[in-house]
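Asker: First, the structure itself, so that you have it in front of you.
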Amino acid sequence: MRKKVTKAIFPVAGLGTRFLPATKSVPKEIMTLVDRPLVQYAIDEARAAGIKEFIFVTSRGKGALEDYFDHAPQLEQELRKKGKEDLLKALQDTNMDSGAIAYIRQHRALGLGHAVWCARRLIGNEPFAVMLPDDVIAAEKPCLQQMVEAYAETGGNMVAAMEVEPERASSYGMLDVSEDMGHMVKVKGMVEKPRAEDAPSNLAVIGRYILEPSVLRNLNQIKSGSGGEIQLTDAIARDIEQDNPVYGYRFRGQRFDCGSKSGFLQATVAFGLARDDLRDDLHSYLSSIMQVDKAAQ
């Protein structure tokens, strides 16, 4: 019987330099998208997919991220006293049970593959998910839940995939496809950040993975690759060479790159417009801006 995916790794050791000076004192992962930190969206998605153990790969200066998941009894008591039950529930939803969350330090920034490798002892010999909080995905059914359900049918390694324009290939790991089955593709190779003319397809890997423990063993043997980093895509590609299946999953939903300022702003507008309590005022404001722009032209 195939093992369930109950563990997830969250690589959050990055310095967030694209958001300086804010990230000088605030970890990027707890910057708020509307009224929830980026990392909360990833946690909620993981919970919906059945994840029970949450492993954060962190670095120095991430203390506020760790504190975010702790209980706040004084604040809870104050909200309860004032009858603010909605806010109390929102606060309690951020709490993590004792033992459900673990923190691992990545002392040197050696890439995504190295960050995942740092958590190897907590994974053991089980399949696991990797979630990059920078990639926020708006979907009716959460992206990782879609993938876990597909994984139950196929097994193997699975990466979330989306189509990108050729000029953007150099920003992604790109899939070399051997068979296209609609929502799923079978992968025969992966290329990390190729030039547009060298990309094997237009399918890019984004920040959701379900991986077999063999990938961790591959990471033990891999030397630094593209950009002097240890690439996770290289370890997955090695599984293909060893005849272990790898699939790309075309998820249903819209992905926002919240690791960039423009993507963060786009996500803020999209998630704001999706909220009943914000939609009318925000839509009115955006419409007024469009009218001013038209008048100026």
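The values are calculated or read from the model by the stated rules, or taken from the named source; none is laboratory data. Note that the structure is a prediction, hence the values are computed from the model and not measured. Neighbour counts are summed over all protein chains in view; Cβ atoms, including those assigned to glycine, are modelled from backbone coordinates with ideal geometry. Side chains are part of the model used for accessible areas, which takes the heavy atoms of the whole protein and leaves out ligands, DNA and RNA. Shrake-Rupley method; radii C 1.70, N 1.55, O 1.52, S 1.80 Å.
Asker: Take each of the peptides 194-207, 149-162, average the number of other beta-carbon atoms within 10 Å over its residues, and list them starting from the highest. Don't skip to the end; give the middle numbers.
Answerer: Details: 194-207: 16.9, 149-162: 19.0.
Ranking the peptides 194-207, 149-162 by packing returns 149-162, 194-207.
Asker: Moving on to the next point. Work out the charge dipole of the chain with +1 on the Cβ of Lys and Arg and -1 on the Cβ of Asp and Glu about the Cα centre, then indicate which of Phe271, His283, Leu79 is farthest towards its positive end.
Answerer: Positive-end residue among those listed: Leu79.
Asker: How long is the gain from Lys4 to Glu126 if the chain were fully straight, where each residue apart is worth 0.36 nm and the alpha carbon distance is subtracted?
Answerer: On the way: separation 122, 0.36 × 122 = 43.92 nm, distance 0.83 nm.
Length gained between Lys4 and Glu126: 43.1 nm.
Asker: Consider just the alpha-carbon atoms of the chain and return their Rg together with their Dmax, both in angstrom.
Answerer: 20.1, 64
Asker: Ranked highest first by the average count of other Cβ atoms within 10 Å around their residues, in what order do 244-255, 80-91, 41-52 fall?
Answerer: Values: 244-255: 18.6, 80-91: 11.8, 41-52: 20.2.
In descending order of packing, they fall as 41-52, 244-255, 80-91.
Asker: Using alpha carbons only, how many degrees (0 to 90, rounded to 10) separate the axis of helix 232-241 from the longest principal axis of the chain?
Answerer: Computed tilt is about 30 degrees.
Asker: How charged is the neighbourhood of Arg252? Take every other residue with its Cβ under 14 Å from the Cβ of Arg252, and add Lys/Arg as +1 and Asp/Glu as -1.
Answerer: Numbers: positive: Lys141, Arg208, Arg250, Arg255; negative: Glu45, Glu140, Glu149, Glu163.
Summing Lys/Arg as +1 and Asp/Glu as -1 gives 0.
Asker: Something else now. Between His71 and Asp35, what is the label-to-label distance in nm when each label sits 7 Å out along the Cα-to-Cβ direction?
Answerer: Distance between label points: 2.4 nm.
Asker: Going Cα to Cα from Lys3, which aspartates and glutamates come in below 18 Å? Please leave out same-chain ones fewer than 8 positions away.
Answerer: Glu53, Glu126, Glu149, Glu153, Glu212
Asker: Which order, highest average first, do 279-285, 123-129, 260-266 follow once you tally other Cβ atoms within 10 Å for each residue and take the mean per peptide? Please list the in-between numbers first.
Answerer: On the way: 279-285: 11.3, 123-129: 18.4, 260-266: 14.0.
In descending order of packing, they fall as 123-129, 260-266, 279-285.
Asker: Could you grab the relative contact order for the chain? Cα pairs under 8 Å, six or more apart, rounded to a whole percent.
Answerer: Working: 524 pairs, mean separation 63.1, N = 297.
Relative CO of the chain lands at 21 percent.
Asker: Another one. For Leu273, what charge total do you get from the other residues with a beta carbon under 13 Å from its beta carbon, if Lys and Arg give +1 and Asp and Glu give -1? Provide the component values of the computation, followed by the final result.
Answerer: On the way: positive: Arg275, Arg279; negative: Asp276, Asp277, Asp280, Asp281.
Net of charged neighbours comes to -2.
Asker: A further question follows. For segment 92-108, list residues with backbone N below 17 Å from a point placed 7 Å from the Cα of Glu78 toward its Cβ?
Answerer: 92
Asker: Then there's this: Given charges of +1 on the Cβ of Lys and Arg and -1 on the Cβ of Asp and Glu, with all other atoms neutral, how large is the dipole of the chain about its Cα centre, in debye to the nearest 20?
Answerer: Values: 38 positive and 41 negative charges, 158 e Å.
Around 760 debye, computed over the chain.
Asker: Can I ask one more? Compute the FRET efficiency between Leu87 and Asp281 as 1/(1 + (r/R0)^6), taking r as their Cβ-Cβ distance and R0 = 25 Å, and round to the nearest 0.05. Mind dumping the intermediate values first?
Answerer: Numbers: r = 20 Å, r/R0 = 0.80.
Working from the Cβ atoms, E equals 0.80.
Asker: Sticking with this structure for a sec: What part of the accessible area of the chain, given as a whole %, is carbon or sulfur when the probe is 1.4 angstrom? Write down the numbers at each step before the final one.
Answerer: Numbers: 7730 of 15690 Å².
Carbon with sulfur: 49 percent of the solvent-accessible area.
Asker: Also: Given the C-alpha centroids of segment 59-134 and segment 251-296, what is the distance between them in whole angstrom?
Answerer: Segment 59-134 and segment 251-296 have Cα centres separated by 28 Å.
Asker: Continuing with the same structure: Between helix 279-296 and the chain, what is the angle of the helix's C-alpha long axis to the longest principal axis, kept within 0 to 90° and rounded to the nearest 10?
Answerer: That helix lies at roughly 80 degrees to the long axis.
Asker: Also: Past 29 Å, Cα to Cα, is the threshold; run Lys28/Lys82; Lys52/Lys89; Lys52/Lys81; Lys24/Lys223; Lys193/Lys294; Lys4/Lys261 against it and keep the listed order.
Answerer: On the way: Lys28/Lys82 32 Å; Lys52/Lys89 20 Å; Lys52/Lys81 32 Å; Lys24/Lys223 31 Å; Lys193/Lys294 39 Å; Lys4/Lys261 36 Å.
Those over the limit are Lys28/Lys82; Lys52/Lys81; Lys24/Lys223; Lys193/Lys294; Lys4/Lys261.
Asker: To continue, here is another question. Calculate the spin-label point distance for Glu149 paired with Asn244, positioning each point 7 Å from the Cα along the beta-carbon direction, and give it in nanometres.
Answerer: 2.7
Asker: Another question, if that's okay. How far, in nm, would the chain grow between Ala296 and Leu273 when pulled straight, counting 0.36 nm per residue and subtracting the alpha carbon separation?
Answerer: On the way: separation 23, 0.36 × 23 = 8.28 nm, distance 2.54 nm.
In short, 5.7 nm is gained.
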